[in-house]
Each structure stands twice: as C-alpha cells, then as structure tokens.
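In what follows, a single structure is set out as structure tokens and then discussed.
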Amino acid sequence: MVTGGVVSSIGKGITAASIGRILRSYGLEVTAIKIDPYLNYDSGTLNPYQHGEVFVTDDGMETDLDLGHYERFLDVNLSGQSNITTGKVYHTVINKERKGSYLGSCVQIIPHITDEIKRMIRKIAAQKPVDVVLVEVGGTVGDIESQPFLEALRQLRNEEGHDNVMFVHVTYVPYLKAAGEFKTKPTQHSTKELRSTGINPDMIICRSEKSINKPLKMKIAHFCDVEPLAVINAPDVSSIYEVPLVMDQENVGKYVIKRIKLGVGEESHDLSQWRAIVQSLHKPEPNVKVGIIGKYIELEDSYISIREALKHAAAQIGAHVEIEWISAEENIEENILKELDSILIPGGFGERGITGKLDAIRYSLEHKIPLLGICLGMQCMVIQFARMQGWPSANSTEFSDTNYPVIDMMEKQKKIKNMGGTMRLGSYDCKLIEGTMAYDAYQEDIVQERHRHRFELNNQFRDQLQEKGLIISGTTTDDFLVEIIELEDHPWFLGCQFHPEFKSRPNRAHPIFVSFMQAALDHKKS
Ligand code: GLN
C-alpha cells in the first residue's frame, strides 16, 4: 500500500510503479490499483488541463494516467477496475442500498463504504494469479477525501495479516538553500498524520532534489519509527525509467520481499533488461524533432502516453526524440514547421485549435513532411485532404452543420444523452490491408487497439475520398468503420482512429510509432 505525504506531484505513481518493476525483476507477478479519492466515477469527464491525460484500458475504462505508468513499468494490461474512485465506491454502495441488499441496516462509511473498498481491492487481487497487488492512494495523507480509503487499508492489514500487507509512505524532503540543509520535519509530520489513521509505515521513500546522506536517513528512521534499511533515497533523475534502478541500489526489493515474505532469493533478481532499456533511451544522437500540435500543451501530462511512445520508438531505432510543443490555438508560423522532422496531431475534443491543426496538416501535404494523426488528428487529416481536393466546406459535425460531413457521429451515438463512459471505448480488432504502410509497420493481419471517440469517417464519403487518393489501410473486421487512413504520394502520412500510444511499452515500442520515427529520421537525413 503506497501513500503520499507533504505535497502532491512528487511522483508517487512512478515510485510505486518502480517498486513494481523491481519486484517483476525477481520473476514475481504484480498487478496495480490506483485509488483516486474524488467523486467522479471515472476520469472520462475530467479536463486534461487539470488532471493530465485520460488513460484508456483494454476493457474501455477511462482512467487516471498512473495506470499508464503501471502498464508501462510492469508490462501488464490492467483492467479498468484497477482504478477505484470515491464515485465508483459510493455509486456501488447506493445501488446496493436501493436494491435492499443491506437488509434494513443504516448504511454508513464504516463498515459499508470501507467494506466495498476492500471488496474492490480483493476482486482485482483475485482476477489473475498474482504475487503482489500494489495499491496507490492518490492525494496526500490528511486529505478528508482519502480517509475512508486509509481506514479500509488499515482494516485490510488486520484481515490479511501483518505478514501480507506492507505500507510504504512516499514523502518529500526539501532542501533549504538559505540553511544549506535538507529538512526532515515535513516527513516527520506527515508520518505522524498517517499514524493518526492507525497506519504505521514500514518503509519511507524520500523524494528529494539530491540524495540525502546516512545521518539524515538515521534521523528519519528514528523519528518516524522505521528500520534504517527501510528509509529509501529517491532523488530526482533525468528519466523516469531510471527510478527503478536508483531504488534498486537502495535494496527496496530485498526489503519488501523479506517484509511480506515473498519467498524469492537474490539469485532470481535480474534488472539487466530494464538497464538496457534505460541505456537505449539515453542516446543523444541523431536528434529527431517532432512537433506536437496540441491544445493542452501547457501541461505535458496531457499527452504523457504519446510522449513516452515517441521515446520508446526513438530508442528502438537508435535515435533521440526532441519534442516541440506547438499550440494549435495560435497562428503556427511556417518557420516553426520548417524546423521539424515530423508532425504529430494528437486527439482532442471540440473546435478550439482545429484551424492550427488543419494548417499543420496542409503544410505536411505540401512539403511532404511525415505526419501522424491520432483520433481527432486523423479526423482533421480527412477534413484537410477533402478540402484540398475541392470540397472547401468539408468538416466534422463535431464542429459544424456542413453539407460535406466527412466526419460524423454514428447513429447509435446520436441517441446518447450522458457524456460519461458513452464513447466508443476500449480495445477493438482492426483488420489491416496488405500492401499498405500500416501493414508494413505491424506485419499482421488483425491487431487490437484502444479507442476513445464518438465520431467516425463518414461511410457516405468513403468511395469519393478513395477515388481522390485516400487509402483506407485499416478497418473494423466487418469493414464497417474506417480505422486507419494514409496517402500514396506522400512519404509518410498516416492517421488512426484509435490511440496507439496506450499500448507502447519501453521494451516493446509501438509499430506505428516506430514506423513514424523512422520516417522522421529518413526525412531529416534527406
Ligand atoms: N472528438 C473526437 C471524437 O469524439 C476525437 C476524440 C479523440 O481524439 N479522442 O470522435
């Protein structure tokens, strides 16, 4: 169980995922749960400006971006049930109450809400045979919202036994420049706060700008009542993928294995594959510049999976990716686009920023710069292509009531009133057409990719668009929906209706991203 103290945004998710990676390196099976103590049912309706990217699981749940870290670090596919929110817990409990399941009792936070939380955690634990379930509690201890969750975890420790449950507290140790020293007081206070919920941490992970020294660790051990070996240094590092290596040097795995009696020895410990990945991610040359034309660029977390997928692909082709974040909402100057080796148009919602995206697509078409469009990005590619082929009013019905709705909502979607969880979500089969760029990239007939959208390429215009030169290189297995488009007389112009970024892993870069990065590198060379 991983809790956080002092401040948020210290990388609790990465820290927990790194513990998971280390345990995986002992050959253990690990799964993860992220608890988000907010009232939203899921992340689907959250604004990326505030919460970063919405991560989509195979089973179509719109979740917190930490699930993305877990999938990438643990190399597992998580179910949407791995994201537990206050909203989900209360929704379930209130539904049960309406059904009369509580047999007349007064429904309360303890035991009914806490029981439901424990049931949800155990359900994930029982889904697959795993050795370890990591549970990360969002927010910081002391928040009113997280109290029922901490209480449930405390109960769980008693029910599952002390030897089976361990608490890890991730805190921040600030460095005070004026005093010239690190300060442990905030860590002491947040540990005290955690204790007031009845939870004694077994391990304290100290996030800090630089490594803290032994006397300081001893001080934390002493005041926070943990073993000195369980005070772990986690200083800032240049890449998130280095965190498991840094924490491994602190013998985190060894301690956890002993504490919750996992019964594996050091001889089975092997992080060499991960180390090789980290090395390949550090290659500084050749530098490939990718421009991301987005709406939420102030918060890089909004496009976190895309950023990571680009890094994985660059590492695979032996290059370094430099991302240029370009606002779709301002006039994009040609001399900015001129500097790029490739352009990426990510997903999004609503009309704001569309002009910038369409301009960048026209630039790619005119100057033959590789371009990858994802979801809304693909829809914009179709719109711009149609406009340049002589249909100036081509548009998506998401933005206007045009007589050339090349992108439109499916009939089924038009009837939907609720916004939450009603898009085309999760993994669907996509059939690839031989002889296309997409097929070349995947080298497979059928692939599974994750979706999150309401609009589609309008079948009414399919033939006309193809006559003008648009290639449909991927469709649903029944041929009904267009999944991938490309163009013949362009070095690399590919749009996909799904989100390939969600399936990229550091050890398994996504084929579309690899092909895209290779095209960008070729473009740079030429
Ligand atoms: N807004 C578009 C749709 O709903 C695209 C969504 C996306 O890019 N994820 O179809």
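Of the residues ASN251, ASN164, only one is surrounded by fewer than 16 Cβ atoms within 10 Å (Cβ to Cβ) and touching a residue at least 12 places away in the same chain (Cβ under 8 Å); which?
On the way: ASN251 fails: surrounded by fewer than 16 Cβ atoms within 10 Å (Cβ to Cβ).
That would be ASN164, the only listed residue that is surrounded by fewer than 16 Cβ atoms within 10 Å (Cβ to Cβ) and touching a residue at least 12 places away in the same chain (Cβ under 8 Å).
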Please work out which residue is farthest from the chain's Cα centre (by Cα), limiting yourself to segment 356-406 and to residues that are of a type in the set (Ser, Thr, Tyr) and under 17 Å from ILE345 (Cα atoms). TYR363
All but one of (1) surrounded by fewer than 24 Cβ atoms within 10 Å (Cβ to Cβ); (2) polar (S, T, N, Q); (3) under 19 Å from the mean Cα position of the chain (by Cα); (4) under 19 Å from PRO405 (Cα atoms) hold for ASN507; which doesn't? (4)
Check whether at least one residue in segment 152-165 is out of contact with any Asp or Glu (no Cβ under 7 Å at 6 or more places or on another chain), under 17 Å from LYS34 (Cα atoms) and either not aliphatic (A, V, I, L, M) or not in a helix (DSSP H, G or I) (or both), and report yes or no. yes
Kindly list, by first and then second residue, each pair from a residue in segment 135-146 that is in a loop (DSSP other than H, G, I, E, B) to a residue that is among the aromatic types (Phe, Trp, Tyr), limited to pairs with Cβ atoms under 7 Å and residues at least 6 apart or on different chains. GLU145/TYR38
For residues that are closer than 21 Å to LYS468 by Cβ and in contact (Cβ under 8 Å) with a residue 60 or more places away in the chain, scanning just segment 346-362, find the one that is farthest from the ligand (Cβ to nearest atom). ALA360
Output the number of the condition that VAL290 fails; it satisfies all remaining conditions of (1) surrounded by fewer than 23 Cβ atoms within 10 Å (Cβ to Cβ); (2) modelled with pLDDT of 90 or more. (1)
Please enumerate the residues belonging to segment 198-211 that are surrounded by 17 or more Cβ atoms within 10 Å (Cβ to Cβ) and over 14 Å from VAL6 (Cβ atoms). ILE199, ASP202, MET203
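The values are calculated or read from the model by the stated rules, or taken from the named source; none is laboratory data. In this text, all values refer to a predicted model and were calculated from it rather than measured experimentally. Here Cβ is always computed from backbone atoms with ideal geometry, including for glycine, and neighbour counts include all displayed protein chains.
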